[in-house]
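Notes for the one structure printed next.
The values are calculated or read from the model by the stated rules, or taken from the named source; none is laboratory data. These numbers were taken from a predicted model, which means no experiment stands behind them. A quick note on method: Cβ atoms are made from the backbone with ideal geometry, for glycine too, and the neighbour counts reach across all protein chains shown.
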Amino acid sequence: MQTLRASKCGLSTAQLPSYIIDVIDALTKAGYEAYIVGGGVRDLMLGLNPKDFDAVTNATPAQVKEVFGRRCRIIGRRFELAHVYSGRELVEVATFRAPPKKAVTSAHGMILRDNNWGNIEQDFARRDFSINAMYYQPRKGIVLDFCNAIDDIHNKKLRLLGDPALRFEEDPVRMLRTLRFAAKLGFEIDQSILDIFTPEMTKLLRDVSPHRLYDESQKLFTMGHLNRVMPMLIEFGIWQQLFADISPEITPFIQLAAKNTDQRISIGKTINPAFFYAVLLWKPFQNRCEYYLNKGVVAAEARAQAGLDVLKRQATRTIIPRFAETFIREVWEMQVRLLNPKPQQIEALSGHARFRAGFDFLLLREKSGDESTQGMGAWWDAYQQMTGDEKERAISQYNRQRAKSRRKASQEEHLEQKLTEHDVAEIEPLVNEAEGRKRRPRKEKPARDRDHHDARALPTDLSIVTADHPILKRKRVKRDLSTVIFGPTQ
């Protein structure tokens, strides 16, 4: 171990936010050792701006809670931690870990329970990467380096402490952390890690909770170097372990969305990590929609069922929270509404809660070469920049163009129908119906029935009776009217 002066490492208390100093001071005042450790120290030494700071102490979680009272909450079963709240900020306080007396591991060697307290030397040996194992005491102005990590930082090398295969078996999530740190920091991965980082080794991620894998995937999406880490996920076989039905290829749409996400983070804009899941799962969603449409399901029901199927399948790898699932499905549904909006609903649609996310999704599709958007991404982009009068004119023009397109489509459909009928008429029957069907001869009706039938068949309008009518061809019998007696008879 070597003790370094903080000033020589480029560290000073002026760089630290007040909340982490308050936590360190409170633990020190209570008689415990306390250090800042992990990514916060590493990023400060690299000249980066850390997102958060973690603390480590020889106080147990219960003792930490005694120091901070209601401001502290103990979490975790496998790895018990204390969360200390300082205003709106949260500091994760861990206790020095020691090697377990009796290993509680899975069949593949993953540690299932790790709550054995120890000292700082034992805690150092339990950490994963050398660059995350530097202990900074701001009040004393010293940095404790147990593994010559300062050289790894200067040489930009990512090195695991101990046997890499054993460290991956203890916690397979370290494979994801390896790629995340390599992409974020631009560090070179040590050869000892590359030798055992195989697709077979990545199958250990199947033992990790889908909830935890979702959290790790969010860190990949929000670190600001998504475009750099995506090819690494495919190269090292991690992609298949994180995503269920997504083929391991970076399409123009995915690449553009990753680049856009990194740009938003770089300029300080907020992002929703679920948006990138919507991008990744878009192709499986379309395929599933087509499956239901081919079965004759109504379009709206097909989209709803396809969304449920795709998200349920993805939950076998990473369980997306319910609110994030709702967001993803609403973004997909907005694509249909934005592609063919009703003119009277355009103004209301532009004020929809999911309009911005749906529009960004549509515009990324269009810019990536998706011709099915029909230029509506650019139309909505221009619409948002217009004044009130310009919007009314744009809606009127859109309405005329929409009506024209519908008439044209109707004419084409009518022409196609006529051509189809013409083709059917030109087809000659293989068998002549007159020759093919032989009717049985009708039986002769008795004369009495025939006369009765003819009587019923007489037309009521005598003006249409012609000379050829059968009734006129009858032979009339002359009768002697002198013998006919008219009136009442005896």
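Quick one: count up the residues across the range 209-239 that are under 16 Å from Phe197 (Cα atoms), surrounded by fewer than 19 Cβ atoms within 10 Å (Cβ to Cβ) and in contact (Cβ under 8 Å) with a residue 40 or more places away in the chain.
1
Would you confirm whether any residue within the range 98-110 is outside any loop (DSSP other than H, G, I, E, B) and modelled with pLDDT of 85 or more?
No, that holds for no residue.
Taking only the range 38-80 into account, find how many residues are part of a strand (DSSP E or B) and surrounded by 17 or more Cβ atoms within 10 Å (Cβ to Cβ).
The qualifying residues number 5.
So which residues in the range 198-208 are farther than 14 Å from Thr316 by Cβ and surrounded by 17 or more Cβ atoms within 10 Å (Cβ to Cβ)?
If the condition is that a residue be farther than 14 Å from Thr316 by Cβ and surrounded by 17 or more Cβ atoms within 10 Å (Cβ to Cβ), then Met201, Thr202, Leu204 are the ones that fit.
How many residues does the range 131-156 hold that are among the aromatic types (Phe, Trp, Tyr) and under 28 Å from Gln191 (Cα atoms)?
So the count comes out to 2.
Suppose we keep only residues that are surrounded by 19 or more Cβ atoms within 10 Å (Cβ to Cβ) and of a type in the set (Val, Ile, Thr) within the range 284-333. Which one would you say is nearest to Arg365 (Cα to Cα)?
Within the range 284-333, the match that is nearest to Arg365 (Cα to Cα) is Val331.
For the range 111-146, give me the residue count where each residue is of a type in the set (A, V, I, L, M) and either part of a loop (DSSP other than H, G, I, E, B) or modelled with pLDDT under 60 (or both).
Counting residues in the range 111-146 that are of a type in the set (A, V, I, L, M) and either part of a loop (DSSP other than H, G, I, E, B) or modelled with pLDDT under 60 (or both) gives 3.
Just to check your reading of the model, which residue among Ala257, Ala244 is under 16 Å from the mean Cα position of the chain (by Cα) and part of a loop (DSSP other than H, G, I, E, B)?
Step by step, each of Ala257, Ala244 is checked, and only Ala244 is under 16 Å from the mean Cα position of the chain (by Cα) and part of a loop (DSSP other than H, G, I, E, B).
Only one residue in Ala26, Ala14 is free of Cβ contacts under 8 Å to residues at least 40 places away in the same chain and either part of a strand (DSSP E or B) or of a type in the set (A, V, I, L, M) (or both), so which one is that?
Ala14
Going by the structure shown, is Gln385 modelled with pLDDT under 95 and outside any loop (DSSP other than H, G, I, E, B)?
Spelling it out, it is not the case that Gln385 is modelled with pLDDT under 95 and outside any loop (DSSP other than H, G, I, E, B).
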